[in-house]
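The values are calculated or read from the model by the stated rules, or taken from the named source; none is laboratory data. What you see is a predicted model; the values in this text were computed from it and never measured. For neighbour counting, all protein chains shown are included, and Cβ atoms are generated from backbone atoms with ideal geometry for every residue, glycine included.
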Amino acid sequence: MSLARSRPGLRDPEKGGSSTPKAALGPTLVKRSARDIPPPAGFRIVLISFLAALVGLLAGVIAFVLYRLIGFFTNIAFYHQISWLLTSAQHNRLGISVIAVPVVGGIIVGFMAKYGSPRIKGHGIPEAMEAVLTNKSKIQPRVAILKPISAAIAIGTGGPFGAEGPIIQTGGAVGSVIGQFLHTTASERKVLLACGAGAGMAATFNTPIAGVILAIELLLFEFKSRSFIPLVIASTLATAVHMQLLGQGPMFVVHATDFGIPHAIPFYLLLGGLCGVAAVGFTRLLYWTEDQFQHLPFDSLWWPAVGALALGIIGFFVPRVFGVGYDTISDILNGQLVLKLLLIVMAAKAVALVVSLGSGTSGGLLAPMFMSSAAMGCAFAIGIDRIFPWAHLAPGAFAIVAMGAVFGAASRATFTFIIFAFEITRDYNSVLPLMLVSVIAEGIAILLMPKATIMTEKLARRGLYIHQDYEADIMQQVAVSEMMDADPPTVSGKMQIGELTELIAHHDPALSRHQGIMIVDDNKKLAGIVTRGDLLRALETDPSGKMPILEAGTRALTVTYPDEVLHTAVSKMLRNNIGRLPVVDRNDEKRIVGYIGRPGIMAARLRRWNEEHVREIGWIRRQYVK
Amino acid sequence: MSERQDQDSFVASTTGAFLSSGQDQVSARASRRQSTRMLRVSLLGIVVGIAGGLVAEGLQRAITFISNLCFYGKATSANLPPSIAVLHWWTPFLPAAGGLIVGILIHYFSPEIKGDGIPEAMSVALNNRSIVKARVSIFKPLSAAISVGSGGPFGAEGPIIQTGAAIGSLLSQLVPSSPAERRTLLACGAAAGLAGVFRTPFAGVMLAVELLVFEFRARSFVPIALASATGTMVGMGFHGADPFFPVITNYHFHPLELPFFVILGVICAGLAWLMSRTLYLCEDYFESLKIWFPLVPAFGGLIVGIIGIFYPQVFGTGYSVIADILSKPHPMHVLFGIGVAKLVSFGVALGSGASGGTFAPALMIGGSLGAAFGSVMHLFMPNASTIGLYGMVATAALFGSLYRATPSAILFMLEVTGAYNAILPVFLVAVVADLAVHFFMRTTINTERLVRRGHLVPEAYEIDPMKMLRVRDVMNPEMETVRGDQKVSDFVVDIAGHECVPVVDEKERVIGIVYRRDLLGAAPDATALSIAHTDFPVAYTDEVVHAVAKRFLDGAYGHCLVLDSTNGELSGMLTAFDILKTKNWELMQELQEPSRFSGTSLLRFMTERKTTK
C-alpha cells in the first residue's frame, strides 16, 4: 500500500468535465499522471554548448541564404532578371502594373500557409514563443524550410517586411529540430531553440549582444547561466559567419552624429513619451486590422492577396515601402531625407505593414517598424528644430533613439533594443539618450497597455497568456526547516482507528490541524503516516473501528530532511502524488523532526507576497500614525 | 481597506452567485495600482541615481585626497597615482595605519562596513527586507576612503555599491514602501554608484539585476535603468564621456587564436577560484587570531606595505595601472609580478577585515595576468592580437567568473574600454570561463559569505508558472458531486479519496460543500445537505493561479470550487495540491524525451505496447 492511494490519479480532462480547457497548456499539465514522471534529468551544459555552436553556424548561413533568396525574388519580380544580389525595389520601372506584383506573391504565400504549414504566417517571434510554452519547444522540421521560402517570396514581391523575424523563427526551428534529433529534455530544446533565434538576430544585423538578450527577454523564460553560455556561443559564431559572408560593418551604416548630451535631454524626454504612445498605437492598429480581416467573406487562403493589393496601391505611390528597405533606413538614420518625405514614409510604411501583416502573410516586423519609428524620430527632431532653432538637434540621433525605443516598448524587450540600437551605431554617446528614451517609452506603454505586447497579444487571443517577469524562485530559497511544523501531532501505532476518528470528529486541536498524522512506535520513532482518507476507507472495511492505526496507514514513506530546499520537497510530493511529508533527521531516518504539508509550502509564497504588497510606514509619516 | 472587500467577493454564498465582473474590476484595479507604483519608484530612482552618482564622485575624490596626503604630502584631489610616488621609509607603514583606523571604526562603530560591500548589500536585500542602517551610508565611504587612500589594494566600487544601496534604501524608508520597492531602490543606488564611477550605464543595470534585485522584470528594470543613466550623467558631468580604460585592440578575426582564447578562459576560471580561496583562507586564518580586533587589519596593512616596496602598483585602486597595462605593452615578468603581488596583497588585506572592494583588484589581476598570457602568445604567434586585448578579455572573464555575473562583465568591459570591435573574443573567453568555473566552485566570492551564514542565494531567475497558468489549466475538471438529498452512508466510500465534495441540487447547481472531516463524525443516515457548509470559497476558470493561491493562504483553506468565468457553471475543483502542480510545468521541462527521429520511434512503439499489457 502506498501513500499515493490517498488520492485518486489525475484523470484525463478530455473525457469530460463541464468545460474544456481553452489553452493548450492545460492538457500537458494534467494528462500525465504525476506518477509517470521519472526523476528529472540534469542539464548537459557542455553538450548543449557544442550543439549551440552548430546552431549558431547554421543560423548564420540561413541568414545569408535568406538574403540571397530575397534578392533573387526581388530581381525576378521587379526587374525581370536573374541575380542574387539584394537590391531595393524602389527604382523599378513597372508603372501601374507594379500593383500586381505583391498580389502574385500574396497568393503564393496564401497557398503555402494553407497546404504547407499555418505556422509560417505572421512575423515569427510569437510562433516561437508558443512552441516553447505549449509544445515543449518542438517545431516541425518543415517550418524550417517553408518559413524562409515563404518570407523570401513575400518580401521579394514587395512585402514591406524585414528578413529578421523569419530568420529568428527559422533559426529557432533549426535549433529545435537539432534538439529533437537527440534525446533531450524540453529545457535543453528550449535553449537550443533560443540559440537559433538569437543567432538569427545576431546574424541578420551583426549585433551579437542584442541577439543574446533578445533570446533571454522573449524566448527563454529564464535568466540562468546554463542558458546564457550556449546562447553567447551561438550568437558569437553567427556573427562571425555574418562577418565572413556579408562583411564586417554594421547592417546600417551610420555616420557619427552629435547626440547633444546634455542640452537635448528635455527633448529626449518628450521623444520618450511620443515613442511610448506610438508603440501602443501601432500595436492596437495592427491587431485591429487583423480583426477586420476576420470579417472578410472568403477563405483565409485569399487574405494575403487582399492585403497585397492594398500594399501594391500604396507602393505605386510610395515605392520606398516595398521590400526590407534597409537602404531607406540608412538614409533616415543619416538624416538624408526631408521632412515631407519622412512623414510620407512613416505613414505609408506603417499602413502598408499593418495591412499586409494583418492579412496573414509571412514576414518580419522589425525592419518596417524601424523604418517608421526612425522616420518619426527624425521628423520630430526636424520639427523641433523648426520651432526652437536654438535646439540644434541632430535628426540622425533622434532617429536612432526612436528606432530602438518604439520597438522596445511595443515588444517590452526594452533592454534588447537599447543594446540593439547601440550596436547598430557603435557609438557610446548614444547609450544615455537611448536608455532614457526607451525606458520612458516602456513605462508609458506599460501604463497604457498593461497586459499584452505586440508579441503576446496574438497568443493571448488564442488563450495563451504570456508572463515574462523573471524572478528568483522562492522555493529555491527556503529550506524545509523554516516552513515545517516543528511540533507535529503523532499517534501511537497501537491506537484503534475508531478512537482516532472520534478525536478528529470532535476537533481535537492538535490532531485536526493536519490532513495526515504521523504514526510512531513505542520509542517515539516514525513508523508510518495515516490520512483522513485512509481512516474513512479503513472504517468501511472494518466498521467496528478496532483496526490498529498502523494497519490503516502507510508504512512505505517518502520523507524529506530539514536542510532540503522546498523545491526538492515539492518535487518529491509531485512525483509520488502525495500531499504531505514527514521531516526526519538526515542521519536517523526514523527520528521525526517535523511535518510539512501543502499549506506549509504555500506559506513560503505568502512571504514573497508580503514583500511585494505590504507597504510599511515611512519615517516621514511615522509621526502621524500611532 | 479595498483589498479586504476584494477578498470577500470570492466567497460565494449558497446560491453560488456569479461574481466574475467583480473579478475583472479587481484585476484592472490591481494593474493600475502597479503602474502608478512603478511610476513613483521610477521617479525616486532618478533621485537615487543623482545621489548615487554624487556619492561615487565624492568617494573617489576622498580616496585621491587621502592618498595624495599620504603618498605625496599634498592636500589636493588631483589625480596622482600612488604607484609612482617616491618611496619613503614610512611608506610601508601607511596601509598599516589605515588598517588600524578602519579596524577601530569597524570594532566600535559599525560592524557591517567590514569587507567588500556587495555581499552585505545582497544580504540586506535578501534577508533584511532591504532595510539598511543609516550609519552605513556614513561609515562605509569613510572607512573605504581611509583604507584605500592609505594604500590598501582595493577598489572603491564595492563600497560605492554598498553606499549607493544604503542611500537607495534610506530614501525608500522615508516614504511608505514595500520590501520589493525598497529592494529596487537599493539596486538603483548600487547601479548608479557603479555607473557613476566607470560611466558604464549598461553594466550598472546588469550588475544590479544580476546581483541585487533577484528579478528581471519591467517594474524594477525601468527604475534601475533610469538611475543608472542618471548616475552616468553625473559621472560624465565631472569627467567627460571618454572611456575609463582606453584600449588599443587591433583585433582581426584569426582562427588560430581561437584555442588560445579557450585556454585563457579556463585559466581565468582557475584564477577566480584562486582569488576566492585566497580571500577566504586568509579570512579564516585572521579570524582565528585572538587579539584586539583593530590590530588585525593593521597587520594585514603592514604586509601590503612590505609587498608595496617591491611592487608599488599594488597600492590603492590602481586604475591608472590598469589603464596603463591595457593600453601599452609591458615585459612579461613585470605583468606577472604585478598580478601575483596584487593577488597576495588583496587576499591578505581584505581577509584581515579591512573595508574595500574586490572589483578593482579583480580588474588588475585579470588585466596583468591576461596581458602576460598575451605576451606568451606573441612568442608563438607574432602577429596575434595586441597584448591589451588579451588583458581586456581576461579581465572580463575573471570578473564574470568571480562574481558569476558574466553578462555584466561583458557589458562592463565593452563600455569601460570603448572597444566594441573586441566583442567576439570577449564574449567567447567570458563564457568559457563561466562554463569552467561551474566545475571549480559552487559559490562565488560574494555568495560564499552568505552561504556561510546559512542563507540560500538565488542564482537563476525564471518565470513563476503560478503567475502564468490559469485556474483552468490546473484544476481537476472531473469531480464527484453529491446530491443534497443523498445519505452519508450512500456516498461515503465513493468520496473517501477527496478532501471535500460539492453538494449540488437536481439542476447541478452548487448548494454547498462537504468536508471529509465532517463525514468522520456524521450519522450514516444524515443527508448531505444537512452536514454541508453553505459558505464556500470559489475561484473562476480565468483567474491566474497566483491570485487564488493568495486567497488560499489568507483564508487558510485547502480547496475551492471552480466556476466558469463566462457563465458561472461549476467546472471543477481546485485543491492546494493542484496549485502546487503548477510546479509540474517546470519539472516536465527537465524530463528527457527520446528523439523523434532515427530508429527510436520503433523502440517507443514497443515500450508503449509493453506498458499497456
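If the condition is being exposed (fewer than 15 other Cβ atoms within 10 Å of the Cβ) and either in contact with a strand residue (DSSP E or B) (Cβ under 6 Å, 6 or more places away or on another chain) or in a loop (DSSP other than H, G, I, E, B) (or both), then segment A:262-300 contributes A:P262, A:H263, A:H295, A:L296, A:P297, A:F298, A:D299. Residues in segment A:558-595 that are in a strand (DSSP E or B) and under 11 Å from A:A479 (Cα atoms): A:T560, A:V565. Candidates in segment A:460-505 are the residues that are charged (D, E, K, R) and either part of a loop (DSSP other than H, G, I, E, B) or more than 22 Å from A:A527 (Cα to Cα) (or both); of these, the one that is nearest to the chain's Cα centre (by Cα) is A:D469. Within segment B:518-553, being at the interface with chain A (Cβ under 10 Å from one of its Cβ atoms), closer than 30 Å to A:L500 by Cβ and not aliphatic (A, V, I, L, M) holds for B:D518, B:G521, B:P524, B:F552.
Within the bounds of segment A:611-623, is there any residue that is at pLDDT below 80, under 45 Å from the mean Cα position of the chain (by Cα), within 22 Å of A:V491 (Cβ to Cβ) and within 14 Å of another protein chain (Cβ to nearest Cβ)? No, because not a single residue in segment A:611-623 is at pLDDT below 80, under 45 Å from the mean Cα position of the chain (by Cα), within 22 Å of A:V491 (Cβ to Cβ) and within 14 Å of another protein chain (Cβ to nearest Cβ). Once segment B:150-183 is narrowed to residues that are assigned to a helix (DSSP H, G or I) and among the polar types (S, T, N, Q), the residue that is farthest from the chain's Cα centre (by Cα) is B:Q173.
Just one of the listed residues (B:K507, B:K467) is touching a helix residue (DSSP H, G or I) at 6+ places or on another chain (Cβ under 6 Å), within 30 Å of B:T566 (Cα to Cα) and among the charged types (D, E, K, R), and it is B:K467. Every residue in segment B:433-455 that is more than 8 Å from every other protein chain (Cβ to nearest Cβ) and of a type in the set (D, E), please. Matches in segment B:433-455: B:E448 only.
Counting the residues of segment B:515-542 that are in contact with a Leu (Cβ under 7 Å, 6 or more places away or on another chain) and of a type in the set (G, A, S) gives 1. Only one of the listed residues (B:T317, B:T232) is in contact (Cβ under 8 Å) with a residue 40 or more places away in the chain and out of contact with any strand residue (DSSP E or B) (no Cβ under 8 Å at 6 or more places or on another chain). That residue is B:T232.
Filtering A:A527, A:A569 for residues that are at pLDDT 75 or above, more than 14 Å from chain B (Cβ to nearest Cβ) and either in contact with a Gly (Cβ under 6 Å, 6 or more places away or on another chain) or buried (at least 22 other Cβ atoms within 10 Å of the Cβ) (or both) leaves a single hit, A:A527. Kindly indicate whether B:P458 is touching a His at 6+ places or on another chain (Cβ under 9 Å) and facing another protein chain (nearest Cβ under 10 Å). Against the criterion (touching a His at 6+ places or on another chain (Cβ under 9 Å) and facing another protein chain (nearest Cβ under 10 Å)), B:P458 does not qualify. For segment A:246-261, the criterion of being over 26 Å from A:M435 (Cα atoms) and crowded, with 16+ Cβ neighbours inside 10 Å is met by at least one residue. When A:A402, A:A347 are screened for being farther than 22 Å from A:I70 by Cβ, outside any loop (DSSP other than H, G, I, E, B), of a type in the set (A, V, I, L, M) and free of Cβ contacts under 8 Å to residues at least 60 places away in the same chain, only A:A347 passes. Test A:L219 against the stated conditions and say whether it is part of a helix (DSSP H, G or I) and modelled with pLDDT of 90 or more. So A:L219 fails the test.
Is it true that some residue in segment A:507-514 is hydrophobic (A, V, I, L, M, F, W, C) and touching a residue at least 24 places away in the same chain (Cβ under 8 Å)? Among the residues of segment A:507-514, not one is hydrophobic (A, V, I, L, M, F, W, C) and touching a residue at least 24 places away in the same chain (Cβ under 8 Å), which makes the answer no. For segment B:414-446, which residues satisfy the criterion of being part of a helix (DSSP H, G or I), among the polar types (S, T, N, Q) and either surrounded by fewer than 24 Cβ atoms within 10 Å (Cβ to Cβ) or at positive phi (or both)? Passing the criteria: only B:N421.
Could you list, in sequence order, all residues of segment B:462-495 that are under 20 Å from A:G533 (Cβ atoms), in contact with a Lys or Arg (Cβ under 8 Å, 6 or more places away or on another chain) and outside any loop (DSSP other than H, G, I, E, B)? Of everything in segment B:462-495, just one residue is under 20 Å from A:G533 (Cβ atoms), in contact with a Lys or Arg (Cβ under 8 Å, 6 or more places away or on another chain) and outside any loop (DSSP other than H, G, I, E, B), namely B:N476. Restricting attention to segment B:423-456, the residues being more than 21 Å from A:V212 (Cα to Cα) and hydrophobic (A, V, I, L, M, F, W, C) number 7.
Hey, any hits in segment B:473-483 for a residue that's more than 29 Å from A:F221 (Cβ to Cβ) and of a type in the set (K, R)? The answer is yes; a qualifying residue exists.
Show the residue pairs that are 6+ apart or on different chains and have beta-carbon atoms under 7 Å apart, the first residue being within segment B:157-181 and within 8 Å of chain A (Cβ to nearest Cβ) and crowded, with 24+ Cβ neighbours inside 10 Å, the second being assigned to a helix (DSSP H, G or I) and small (G, A, S). Once the first residue is within 8 Å of chain A (Cβ to nearest Cβ) and crowded, with 24+ Cβ neighbours inside 10 Å and sits in segment B:157-181, its partners that are assigned to a helix (DSSP H, G or I) and small (G, A, S) give B:E181/B:S172.
The condition of being more than 15 Å from the chain's Cα centre (by Cα), touching a residue at least 60 places away in the same chain (Cβ under 8 Å), facing another protein chain (nearest Cβ under 8 Å) and outside any loop (DSSP other than H, G, I, E, B) holds for only one of A:I178, A:I233, that being A:I233.
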